[in-house]
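Trainee: Encoded as structure tokens, here's the structure I'll be asking about.
All of the numbers you see were taken from the coordinates with simple rules; none came from a lab. Quick caveat: nothing in here was measured; it's all calculated off a predicted structure. As a convention, Cβ positions derive from the backbone with ideal geometry for all residues, glycine included, and neighbour counts pool all protein chains shown.
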Amino acid sequence: MLTPKQVELLFEDRVKLNGGLPVRFQDTKDANGSYLRTNPSDFVCVYPNGSVYSEVKSFKGVRFPFSNIKSSQFAWAAKIHALQQPYLFYLFQKETETWYLIPAFVILNKAKEGIKSLSLTELEIYRHD
């Protein structure tokens, strides 16, 4: 089973194959114990027609739990979405090695409704082969 860092490398390859430039923000694991402020996302991906904030998450099982998303990531997604800029969650289901590409507003709205996860059936419309 792939580690989160391996999933991020797969993500970078997908972005490059689609003509983009994945720019990865430094995270606390990279900082060797140094204090870091929160980042808006794992990556900002630059394409010829614009940039996209991209948060990469992996999960196992038949549901993606919103508990995998930190409160700071929810906050950044909401702020960026409020400015009408694209923010996407790239979800990687480990057992099937399937990608799902979900606009942040979908997860933000579900969370506001008190929903705590999305099933694979619900994710299917966001499948990104």
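Trainee: Can you tell me what share of the DSSP beta bridges in the chain is antiparallel? A percent to the nearest 5 is fine.
Mentor: In the chain, DSSP labels about 75 percent of beta bridges as antiparallel.
Trainee: Hey, another quick one. At 25 °C and 0.890 mPa s, grab the translational diffusion coefficient of the chain from Stokes-Einstein with a Kirkwood Rh over Cα pairs, rounded to a whole number in µm² per second.
Mentor: Values: Rh = 15.2 Å.
Roughly 162 µm²/s, to the nearest whole number.
Trainee: If you add up the charges near residue 129, with Lys and Arg at +1 and Asp and Glu at -1, over every other residue whose beta carbon is less than 15 angstrom from its beta carbon, what do you get?
Mentor: Values: positive: 14, 127; negative: 13, 97, 124.
In short, -1.
Trainee: For every helix of n ≥ 4 consecutive DSSP H residues, a contribution of -39,500 (n - 2.57) applies; sum these over the chain, divide by its total residues, and give [θ] at 222 nm rounded to the nearest 500 deg cm²/dmol. Spell out each step's value before the answer.
Mentor: Working: 4 runs with 39 residues, N = 129.
Dividing the helical sum by the residues of the chain leaves -9000 deg cm²/dmol.
Trainee: Further, regarding this structure: Need one number: nm distance between label points at residue 25 and residue 122, each 7 Å from Cα along Cα→Cβ, rounded to one decimal.
Mentor: Distance between the two pseudo-spin positions: 2.5 nm.
Trainee: To the nearest 20 debye, what is the magnitude of the charge dipole of segment 4-126 about its Cα centre, counting +1 on the Cβ of each Lys and Arg and -1 on the Cβ of each Asp and Glu? Walk me through the intermediate numbers first.
Mentor: Values: 15 positive and 12 negative charges, 66 e Å.
Using Cβ point charges on Lys, Arg, Asp and Glu, segment 4-126 gives about 320 debye.
Trainee: With a 10 Å cut-off between alpha carbons and a GNM built on the chain, which of 48, 40, 103 moves the most?
Mentor: In the Gaussian network model the winner is 48.
Trainee: Report the one residue of 61, 3, 38 whose Cα lies farthest in the direction of the positive end of the charge dipole of the chain (charges on C-beta: Lys and Arg +1, Asp and Glu -1; origin at the Cα centre).
Mentor: 38
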